[in-house]
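To keep things clear, I will list the structure first and then write my remarks on it.
Values in this text are rule-based calculations from the coordinates and carry no lab data. Predicted model only: the values in this text are computed from it and were never measured. Every residue, glycine among them, receives a Cβ derived from its backbone with ideal geometry; neighbour counts consider all protein chains shown.
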Amino acid sequence: MCAPEDSVKPTALQLSKLQKILQESFGLELRVAVIPMQDIRAKDVDVHVAKLEITENKYIALFRGGDLAVADRLAKNDKGNYEIDTTS
């Protein structure tokens, strides 16, 4: 998920609630991490985002350029800096 800077905290809060529900209801572990775009760009990766209208007034974001792979690696390998603890 990609969110504007002013929406990161409320988005992370909602994701942490979802993480807790999945753990309690289904025993599933959902990783939740917040990775600033500048950290992805610091890895010399271009971030390309496009907005696609799939039906009238319904949009999805499309990403290109390796940015999601970098974000995934940061979330998994550098948890201490990005992972949100939602177990409390």
### Task
Just list whichever of Lys17/Lys51; Lys17/Lys43; Lys9/Lys76 have alpha carbons separated by over 25 Å in the model shown.
Lys17/Lys51; Lys17/Lys43
## Note on the structure
Sorted by chain and then number, the residues having a modelled amide H within less than 5 Å of the amide H of Ala33, at least 5 places away or on another chain, are Ile84
### Task
In debye, nearest 20, what is the charge dipole magnitude of the chain about its Cα centre with +1 on Lys and Arg Cβ and -1 on Asp and Glu Cβ, if you could check?
120
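Find how much the distance from Ala42 to Lys9 grows on full extension, using 0.36 nm per residue of separation minus their present alpha carbon separation; answer in nm with one decimal.
On the way: separation 33, 0.36 × 33 = 11.88 nm, distance 2.21 nm.
Length gained between Ala42 and Lys9: 9.7 nm.
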### Task
Would you work out if the chain is rounded, prolate or oblate? Take a ≥ b ≥ c from the square roots of the eigenvalues of the alpha-carbon gyration tensor; rounded if a/c is under 1.5, else prolate when a/b is larger than b/c, oblate otherwise.
oblate
### Task
Name the residue farthest towards the positive end of the dipole of the chain from the options His48, Ile21, Thr11, assuming +1 on Cβ of Lys and Arg, -1 on Cβ of Asp and Glu, about the Cα centre.
Ile21
